[in-house]
Structures are given as C-alpha cells and as structure tokens.
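These notes are about the structure you will find just below.
The values are calculated or read from the model by the stated rules, or taken from the named source; none is laboratory data. Please read all numbers here as calculations on a predicted model, not as lab measurements. All Cβ positions, even for glycine, are placed from backbone atoms using ideal geometry, and neighbour counts span all protein chains on display. To get the accessible areas, we keep the full protein, side chains included, count just its heavy atoms, and leave off ligands, DNA and RNA. Shrake-Rupley method; radii C 1.70, N 1.55, O 1.52, S 1.80 Å.
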Amino acid sequence: MSARPPRLVVGVEVHVQLATRTKAFCACPVEFGAEPNALCCPVCLGHPGALPTLNRGALAAAVRAGLALGCAVAPRGAVRWDRKNYFYPDLPKGYQITQYDHPLCENGALALSDGTRVRIRRAHLEEDTGKSSHAGDGETLVDFNRCGVPLLEIVTEPDLGSAAAVEEYLRLLRDRMILAGASSCSMEKGEMRCEPNVSLVRGDGSSTGISELKNLNSFAAVRAAVAFEAKRLEEGPWHPAGAAPPRTTYGWDDAGGRTILQRTKETAADYRYFPEPDLPDLPAEALAGFVAEGRAALAAADADRSAAAGRARAEAVRLGLAADQADLLLVRDLTGGRFAAALAAAEGAGAPAAEAGPALAGWFLGPLAGWVNGRGGDWAALRASAGDLAAALGLQRTGKATAQVVKEHLLAGEWPGTGGDPAAFLAGRGLLGGAGEEAVRAACAEVVAANPDVVAKIRAGKTAARGALVGQVMKRMRGTADPGAVNRILDGLL
Amino acid sequence: MAGGLPLHALPAAALRDRIASREVSAEEAARHFLDRIARLDGGIGAFLRVDAEGALRSARASDARLDAGGAPRPLEGVPVAVKDNLNVEGLPTTCASRILEGFVAPRDATAVARLRAAGAVILGKTNLDEFAMGSSTENSAFGPTRNPRDPSRVPGGSSGGSAAAVAAGFAPLALGSDTGGSIRQPAALCGILGLKPTYGRVSRSGLVAFGSSLDQVGPLCRTAADAALALSVIAGRDPMDATSLALEAPAASLAEGGLRGMRVGVVKEHLEGEGLEPAVKAAVEAAVGVLRAGGAEVREVSLPRSGDGIAVYYLVATSEASSNLARFDGVRYGLRVEGRDLAGMYEETRDRGFGTEVKRRILLGTFALSAGYADAYYQRALRVRRLIADDLDRAFREVDVLVGPTAPTVAFPLGEKIEDPLAMYLCDVFAVTANLAGIPAVSVPCGADPAGLPAGFQVMAPALREDAALRAAAAVEAAGLLPAALPGAFA
C-alpha cells in the first residue's frame with residue numbers, strides 16, 4: 001500500500017464540428033435546427049452507386065485546426081482515408097469514413113496556465129453519423145441531417161491531472177479552434193463533444209479501470225463529471241501495474257450529479273478498418289498549399305488578436321481596468337460588444353471614462369454575468385440596452401440611487417431581462433431618490449440605542465466595530481441611504 | 001436494305017449512320033429491337049426489365065432532333081442495354097438481388113447520362129449475377145440468362161445479360177461492369193467484344209459498388225470500333241467520382257491505326273495454364289498468328305506472379321464487398337424483414353435478401369478484414385497486388401500489349417459449376433490481372449470449338465493505352481476467326 005493518495009490521470013477525446021458550409025463528402029448544406037432529413041442526398045444517405053467526394057473546405061479547416069494546436073500536418077507523407085465498419089441505423093453506409101493510421105495531424109501540444117504541457121497525440125478528419133431518437137411507442141426515428149458533417153477528432157495523451165485542468169484544456173482548445181476559424185465550438189449545438197478518459201494510478205503503478213465519460217454538454221458538466229468519477233474510482237477495484245485496465249463507458253446525469261454505467265467493453269469492437277477505395281490518397285505535395293494558407297490565416301488571426309490586445313491594453317489604461325477585466329471584456333469580448341456599447345453611451349451622457357469604466361466592468365463581470373449565467377449563458381438574453389445601463393450609471397453618479405440599490409435591486413433582478421428606464425423601475429419600488437436626512441438620522445439613533453455594547457467598544461477606541469453599525473443602518477434603509485451621510489450622522493451621535 | 005444486313009446485325013456505328021442519314025428512323029430502330037426482345041428473350045432471359053415506353057420516347061426525341069435539322073450525335077438513336085447494377089433514373093436498380101426490392105434510382109449513373117447525352121436510346125436493364133458476383137449469370141435472384149449460341153449453356157458473367165443481349169441481336173451495344181472479368185469473360189463466351197477500360201477512365205458514379213478499387217464500367221459490342229466509340233462517349237473526368245481520372249475522353253477513332261510496329265507479348269503462364277481447353281488454346285494461337293502476319297513483333301513474356309492473381313483478387317474484392325454491401329440493411333430502402341429487435345431485423349433482412357454466393361463473399365471478406373486475420377489475408381493480398389502490378393510494369397517495358405486467352409474454357413452447361421465455387425472462380429484466372437493492376441483489357445472473339453462455341457482472345461495494355469489494345473483487337477476481328485453471323489435462331 002502506498003501512503004500517498006492516488007494520482008488522477010485524464011486524457012480527452014474531443015470531436016469538434018468543422019465550420020464548413022457543406023458536408024464532408026457531398027454538397028448538402030450544414031445547418032443546425034433544420035427539419036429532419038431535409039439536408040440529405042444519395043451520397044450521405046448511402047444510396048447504391050453514390051460515391052463520396054472530399055470537401056476541400058473541410059480539409060482546409062482541419063489543417064488550420066491542426067496548426068493551431070501545434071501539430072505536424074500529414075507527417076506520414078500522405079493523407080489517407082479509411083473505413084470503420086459497423087452496423088447502426090444512423091450510419092447509412094454501414095461504415096464511417098475516417099482516418100485510422102494516417103491521421104491528418106499529429107504531435108501537437110497546448111500549455112496550461114500552470115505550465116502543464118498537454119500533448120495532442122493526433123487530430124483526424126471524419127464524418128458525423130445521423131441522430132437516432134427513440135419514440136415512446138418503441139419506434140426509432142433517424143435524422144440524417146448531421147450525417148456526413150465534417151468532424152475533427154482531437155485526442156490528447158493522458159496528461160491532465162485534475163478536473164480543473166481538464167476544463168482549462170477544453171476552454172483553451174475551444175479558444176484555439178475559434179481563433180483558427182476551424183469551428184465555432186458551440187457545445188449547445190453539439191459542435192464540441194468532450195469525452196474524458198479517467199483513471200487513478202497509485203505510486204506502485206497499480207491503477208483503476210479507465211472510465212470513458214460521455215454525454216457532457218457543458219464545461220461545468222465536464223468538470224463535475226471528472227471530479228465525481230475521480231472520487232468514485234477511489235473505491236477501486238485496483239489492477240496491478242502492467243495489466244491492461246478494463247475500459248468502461250459512463251454517461252453523465254447532470255441533474256443527479258453522477259455518472260451512470262453504460263457498458264463494459266469486454267472485447268474491443270472489431271471495426272475492420274481498411275483504406276477507403278473511393279477516395280484517393282492526397283499526397284503531401286497536394287497538402288502543401290493548405291498548410292501554407294493555414295499558416296498565413298493563423299498568423300493573421302494571431303496578429304488581429306495581438307492588435308486587439310494592444311488596443312485593449314491602451315483602453316484598459318484609459319479606463320483604469322484591471323488586466324483580467326480588460327482581457328475578458330475587451331480582448332475575448334465575452335459580452336459580445338455590450339460592455340463597449342454601454343461604456344460609449346455612459347461617456348456620451350457625460351460620465352468620465354475613469355469612473356464609468358470600472359463601474360460598468362464591475363457590473364458586467366459581477367451581477368450581469370451572474371444574471372446571464374442563470375439564463376443559459378447567452379448574452380442575447382440581456383434586454384437592458386446600452387442607453388438603459390448608461391442611465392442606471394447616471395442614477396448612481398448623481399446620488400439618486402445608491403450603488404447598493406443598483407446592484408441588488410436593478411442588475412440582479414428582473415430589470416436586465418426587460419430593460420427600460422431604470423429610474424421608473426426603482427421609483428415604482430420606492431427605491432429611488434435616496435433617503436431624507438431625517439429618516440437616516442432616525443435610523444442611526446435607533447441603531448445606536450439598540451447596540452449599547454458596540455457603542456461602548458467604539459468609545460473605548462475599537463473604531464473597527466463601527467462598520468457593524470453602518471451595516472445595520474444600511475439594512476434598515478434597504479440600501480437607500482448614502483453611506484457618507486450615515487457615517488457623518490453616526491460620528492455626531494458617538 | 002442497304003448493306004444487306006438486318007438492323008440487329010449491324011454494329012452500333014453503322015446503325016447510328018443509317019439513323020443519322022435518315023435511312024431509318026430512330027423509332028423504327030427502337031421498335032425493331034423491342035420487337036425482337038419481345039419475341040426472343042423469353043428463351044434467353046437477357047433482360048430483367050424492358051423500358052419500351054422510355055426507349056420509344058427517347059427514340060422519338062432523336063427523330064425530332066434530326067427533323068429539326070439538329071446535328072446527329074455520336075450515338076444518335078442507337079439502342080443500348082444497361083446492366084442492372086447501373087442506375088437508370090426512374091427504373092428499379094435490382095443488382096439481380098431481392099434485397100433491393102422496391103428501390104428506384106433517383107438519378108442516372110454518369111455513364112448512362114453520357115450515353116443519353118450522345119443520343120443513345122436506353123432499352124432496359126440486363127440480368128447479372130447478384131451484385132456482379134459470379135461468372136455464369138446463374139446467381140441471379142430472378143433466374144439465369146442463357147447463351148444465345150447454345151441456350152443449354154451459360155453466357156458467362158457477371159455481365160451475362162448484357163453479353164447475351166448483344167450476341168442475340170437485342171441491342172448493338174450494352175454497358176457492363178468488370179471487377180474481375182465480368183465484361184470480358186461473358187463477351188468471350190457469347191462471341192462478342194468487351195472492353196474493360198483503365199481504372200478511373202469511366203466514372204463509377206451510379207454503379208453499385210462491388211470491389212471499389214477494381215470495378216470499372218465498359219462496353220460490350222460487336223466491333224473494336226464500336227468499343228472505341230462507346231468509350232469516347234462514356235469516359236472522362238466526373239466530379240461525382242473522386243477516383244475518375246482528370247482526362248478528356250479518348251477519340252472515337254481509338255481502334256484505328258493497325259499493327260505497325262506493335263510489340264506483342266504472349267503471356268506464357270496464361271497459355272500454359274492448367275484447365276485451358278485445347279480448342280481455346282488453338283484459337284488463341286490462331287489469333288497470335290494473325291497478329292504476327294499483320295506485322296506485329298511477337299514474343300513470349302512471363303508474368304511470374306500470375307498464379308497468385310485469383311487468391312489476391314478474391315481477398316481484395318470480397319473485403320471491399322463486405323463493406324460495400326453493409327448499406328443494404330433494411331433501414332432506408334429496399335427489402336426489410338422485421339425481426340425480434342434491431343439485430344434481428346438486420347439478420348432477417350440480409351438472410352432473406354442476399355443469395356448464397358453474395359453471403360459467401362461477405363463472409364470471406366469480413367473474415368479477411370478481421371482483427372487477427374487482416375495481416376495474413378487482406379494486408380498480404382495488398383502487397384502481392386503491388387507485386388503483380390510490378391510484373392506488368394516490367395513486361396510493358398518490353399511490349400506494347402500482352403495477349404492470351406480471356407477464359408480457360410468455352411461456355412459451359414448451366415448447373416455445371418454452380419455447386420463448385422472454386423471451379424467457377426477459376427473462370428476468371430486470366431482476367432483478374434487487369435483489374436488488380438488497373439489496366440485496360442479487351443476480349444475479342446478468336447474462333448470456336450468444334451461445337452461452334454466461341455473462344456475469347458484477351459489483349460491487355462498499359463494504363464490509358466486502350467488504343468493499343470483496341471488496335472490489336474481490331475486486327476483479330478478483321479481476320480474473321482469467328483463467323484460474324486448471328487447464331488441460328490437469332491439471325
């Protein structure tokens with residue numbers, strides 16, 4: 001028995017949907033949410049006599065993706081296609097066109113913030129399958145719209161050691177794919193599907209079985225599932241060093257917060273891979289153009305991002321933003337331009353940049369981000385316009401509403417989903433205009449009278465205890481009191 | 001009648017010229033052939049489906065075009081029969097299998113579309129061994145085709161329906177497919193000419209795949225000139241087939257030019273092969289004599305790997321077939337037989353839908369690709385395939401064409417080999433070489449045995465040198481070693 005706790009070992013397989021207008025091997029359009037089976041032809045339906053022809057756009061996107069991951073492109077000299085044979089109703093030809101032993105991209109890496117180098121073993125092009133859905137009456141329906149859509153399967157070495165590292169890797173991967181214009185990686189649309197392989201290894205080399213986790217539809221789900229499985233695996237069973245650990249597939253039950261056994265792989269499925277005779281090999285020379293174009297596109301994207309970062313740095317200085325705030329709001333533009341628009345509206349309304357910048361940054365990364373995350377994470381749900389937000393900032397700056405009221409009652413409530421005049425919204429709830437001097441004074445007097453022990457401490461020199469009195473006054477006033485006035489009045493009473 | 005020959009005895013080019021010159025209308029020609037099929041095909045079974053209405057419609061369109069002063073196209077009004085593993089829009093594609101029951105092709109195969117664009121009139125779909133797997137056309141779910149030379153005998157296969165249709169005067173031209181001799185062997189057994197073009201010459205789009213790296217569409221007809229004409233129409237780059245070669249179609253005059261300076265290699269192993277009937281050997285030697293007399297330089301050439309051809313072929317073709325035929329699963333089209341569950345539905349559908357030979361080959365191919373066996377079978381077959389191609393490359397440094405028998409025997413009686421798959425497979429022992437190497441090969445009649453059963457002479461040429469193969473074939477054809485007359489009942 002080793003004394004140290006077992007080490008978590010995770011490798012990840014990710015399928016990203018390449019951003020192309022048409023499918024990988026036919027001319028059918030790629031669209032999300034179309035009528036079932038509206039986007040099919042004899043080729044993707046596997047009709048007799050139909051043959052695949054390569055979409056060069058998919059190849060170009062895959063090459064860009066590989067370059068963005070630091071991979072060597074076609075290191076074995078040619079791009080070859082293989083057939084992976086198995087029967088399933090959503091697989092019309094009875095085989096999937098993929099790449100078995102000559103993947104398009106190999107030997108890449110991404111570095112995590114703590115310096116961990118996540119090695120990427122391979123990234124290969126393949127076609128997606130259709131989608132089966134099981135109706136309640138025992139019927140199975142198949143939608144072939146997705147069938148033949150180009151995917152890039154990206155496989156890491158088992159270099160990840162924590163759930164947080166897995167999540168960071170996936171976020172980084174998505175960022176690189178988007179930068180390369182290879183995929184938009186929307187997890188909601190199934191454009192990025194993550195399958196971590198999780199196991200524990202002890203100091204003596206013994207290990208648990210490998211759990212392959214599926215049905216992970218968000219980064220949060222990935223993180224939770226890996227953490228859950230790591231904990232569950234601690235119970236063993238343990239397999240001695242050198243033995244091939246069994247592989248088991250688990251699904252993730254997001255609502256229940258646990259993994260669910262799907263199947264144990266007692267024998268490896270025999271996919272009878274062989275070279276796809278309908279698609280000629282692409283010699284390395286034929287790829288050289290794609291690689292050169294890919295490098296140029298990636299360099300341009302990097303330059304664009306550097307320039308954007310430069311502009312963002314200057315803007316951050318002008319606004320007095322912290323580096324991480326500037327990165328999220330100006331470089332990665334998490335809010336889809338909404339921060340910049342609100343800032344422009346506030347400056348247009350006369351707010352100085354150094355005041356409006358930090359205030360709005362706080363709102364967007366604080367209460368508004370929380371509000372949006374509570375509604376599926378889509379900033380489009382935010383209906384309060386740039387002008388509405390500038391008006392809210394105006395109320396705060398002119399003392400018509402305190403910062404606390406704005407934060408708690410305006411930005412974290414219903415208002416972001418409706419928008420409209422913030423003054424009217426707050427007035428309707430009796431939260432506007434600040435509290436009168438008399439009301440504040442009365443509240444202060446009540447608090448002083450109710451807390452003789454605290455008052456005694458303050459009078460004895462423990463001035464830090466004063467904060468407790470201020471807090472109580474603010475609470476009584478539902479945040480409408482001006483903290484400066486509260487302090488001034490308390491000073492007089494003490 | 002000009003030339004003295006009835007319409008059904010004319011080569012395609014001559015018939016086209018008569019239609020183009022308005023001696024006969026396309027509709028009259030179509031009716032002539034449709035009438036012969038209606039009267040005579042009952043005893044042959046060349047056609048699975050005759051599309052009289054469609055044929056007459058396109059024949060009338062040809063006539064209207066000519067009436068309007070339009071220039072006649074290369075196959076204007078020429079009736080053509082199409083093997084039923086090629087899609088013809090609006091007609092069922094059966095592949096002579098129950099499993100495709102109810103499937104109607106949504107579009108023409110590229111070769112068919114090009115025939116139509118050249119003015120050809122599609123008469124209907126011809127019988128074949130199920131999914132083109134066989135050498136006798138007995139493996140058809142809809143009954144065998146008989147040889148017009150002797151209806152007690154097979155026409156060869158798998159393009160037996162197309163070969164019998166041409167031999168019986170039901171069409172001057174037919175399309176077939178050749179994966180391991182399926183155009184040339186039936187052409188030989190029926191006493192007509194068949195061309196397997198270079199792999200990639202003719203688009204495979206719309207041809208139901210059997211062995212994708214071997215399959216090639218080609219013509220069956222009476223003369224080398226007709227084969228050249230047909231090839232000039234159906235060949236050429238097709239964006240729907242990634243393996244089609246980026247080349248223009250060759251000229252229709254491809255078979256012209258004679259033998260001057262041609263170096264001919266007689267394949268030693270093919271002429272010394274076990275099982276070669278003496279009458280076939282004698283006919284082949286006569287054809288070699290014709291080439292020599294015609295000015296060709298003849299020598300013997302060895303292809304040491306010839307003996308491995310059949311083994312390699314049956315591993316590669318069945319492996320690819322096991323994958324190609326997976327799509328016939330009852331889910332989207334064709335036959336579906338319900339089962340206890342999904343796997344049961346697959347099993348029942350494929351059990352009832354496929355015939356014995358198809359199942360045998362799916363099993364062979366699945367085995368050859370299986371983990372633990374793929375190295376010993378499929379991968380090894382690929383290596384030997386490469387060696388066979390190397391043999392040919394070497395030989396073609398010395399000679400322009402390689403010649404020998406197309407098949408070891410003349411047409412055999414129905415039922416003789418159907419219970420003995422290995423004997424049946426050996427029908428293609430000389431033919432598979434060209435498929436494995438992707439090179440063009442022609443079978444041209446070179447005589448008959450004492451009973452009048454034809455023998456075929458095979459001419460192979462380097463990739464893209466259909467011209468050389470067709471020139472040699474034209475010289476043999478001109479010598480008239482097999483009487484040109486149609487067999488008795490079909491005169």
Within segment A:25-60, restricting attention to residues that are within 33 Å of the chain's Cα centre (by Cα), within 14 Å of chain B (Cβ to nearest Cβ) and of a type in the set (Gly, Ala, Ser), which residue is nearest to A:Glu127 (Cα to Cα)? A:Ala58
Inspect all residues belonging to segment B:277-284 and state whether any of them is surrounded by 14 or more Cβ atoms within 10 Å (Cβ to Cβ), under 22 Å from B:Ala479 (Cβ atoms) and charged (D, E, K, R). yes
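Just to be sure before I move on: is B:Glu398 closer than 18 Å to B:Arg292 by Cα, charged (D, E, K, R) and open to solvent by 50 Å² or more (accessible area, probe 1.4 Å) in the structure I sent? Don't jump to the end; show me each part of the working.
Working: closer than 18 Å to B:Arg292 by Cα: yes; charged (D, E, K, R): yes; open to solvent by 50 Å² or more (accessible area, probe 1.4 Å): yes.
So B:Glu398 passes the test.
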Any idea which of (1) touching a residue at least 12 places away in the same chain (Cβ under 8 Å); (2) more than 30 Å from A:Cys41 (Cβ to Cβ); (3) more than 13 Å from chain A (Cβ to nearest Cβ); (4) assigned to a helix (DSSP H, G or I) is the one B:Leu315 doesn't satisfy? (3)
Counting only residues that are outside any helix (DSSP H, G or I) and touching a helix residue (DSSP H, G or I) at 6+ places or on another chain (Cβ under 6 Å), segment B:180-190 contains a total of 3
Looking at (1) without any contact (Cβ under 8 Å) to a residue 24 or more places away in the chain; (2) part of a helix (DSSP H, G or I), find the lone condition where A:Asp302 falls short. (1)
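A quick yes/no check of all residues on (1) closer than 19 Å to A:Ala224 by Cα; (2) within 14 Å of chain B (Cβ to nearest Cβ); (3) open to solvent by 50 Å² or more (accessible area, probe 1.4 Å); (4) in a strand (DSSP E or B):
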residue	(1), (2), (3), (4)
A:Ala123	no, no, no, yes
A:Thr129	no, yes, no, no
A:Leu151	no, no, no, yes
A:Val155	no, no, no, yes
A:Glu167	yes, no, no, no
A:Leu170	yes, no, no, no
Checked segment B:84-100 for anything open to solvent by 10 Å² or more (accessible area, probe 1.4 Å) and within 14 Å of B:Lys359 (Cα to Cα); matches are B:Arg98
Here are B:Ala227, B:Ala255, B:Ala251: which of them is part of a loop (DSSP other than H, G, I, E, B), open to solvent by less than 20 Å² (accessible area, probe 1.4 Å) and farther than 30 Å from B:Arg327 by Cβ? B:Ala255
Among (1) part of a strand (DSSP E or B); (2) touching a residue at least 12 places away in the same chain (Cβ under 8 Å) - the single one A:Ser133 does not satisfy: (2)
Out of all the residues in segment B:453-491, which are outside any helix (DSSP H, G or I) and either within 22 Å of B:Ala171 (Cα to Cα) or without any contact (Cβ under 8 Å) to a residue 40 or more places away in the chain (or both)? B:Leu453, B:Pro454, B:Ala455, B:Gly456, B:Gly480, B:Leu482, B:Pro483, B:Ala484, B:Ala485, B:Leu486, B:Pro487, B:Ala491
Quick check, is B:Ser205 more than 17 Å from B:Pro11 (Cβ to Cβ), touching a strand residue (DSSP E or B) at 6+ places or on another chain (Cβ under 9 Å), open to solvent by 10 Å² or more (accessible area, probe 1.4 Å) and within 14 Å of chain A (Cβ to nearest Cβ)? no
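Within the bounds of segment A:82-97, is there any residue that is assigned to a loop (DSSP other than H, G, I, E, B) and away from every other protein chain (no Cβ under 11 Å)? Full working, then the answer.
Keep residues of segment A:82-97 that are assigned to a loop (DSSP other than H, G, I, E, B), which gives A:86-94.
Keeping just the survivors that are away from every other protein chain (no Cβ under 11 Å) gives none.
No, segment A:82-97 has no match at all.
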Taking only segment A:179-236 into account, find how many residues are at positive phi and either within 24 Å of the chain's Cα centre (by Cα) or among the β-branched types (Val, Ile, Thr) (or both). 4
Quick check, is B:Leu364 under 26 Å from B:Val399 (Cα atoms) and surrounded by 15 or more Cβ atoms within 10 Å (Cβ to Cβ)? no
Within segment B:318-361, count every residue that is assigned to a helix (DSSP H, G or I) and either open to solvent by less than 30 Å² (accessible area, probe 1.4 Å) or within 12 Å of another protein chain (Cβ to nearest Cβ) (or both). 22
When A:Gly77 is evaluated against the numbered criteria (1) open to solvent by 30 Å² or more (accessible area, probe 1.4 Å); (2) within 13 Å of chain B (Cβ to nearest Cβ); (3) farther than 25 Å from A:Ser186 by Cβ, which criterion, by number, is the only one it fails? (2)
Only residues that are open to solvent by 10 Å² or more (accessible area, probe 1.4 Å), outside any loop (DSSP other than H, G, I, E, B) and either touching a Gly at 6+ places or on another chain (Cβ under 8 Å) or in contact (Cβ under 8 Å) with a residue 60 or more places away in the chain (or both): list them for segment B:437-452, please. B:Pro445, B:Ala448
Taking the stated definitions as given, is A:Ala50 open to solvent by 40 Å² or more (accessible area, probe 1.4 Å), at pLDDT 95 or above and not in a helix (DSSP H, G or I)? no
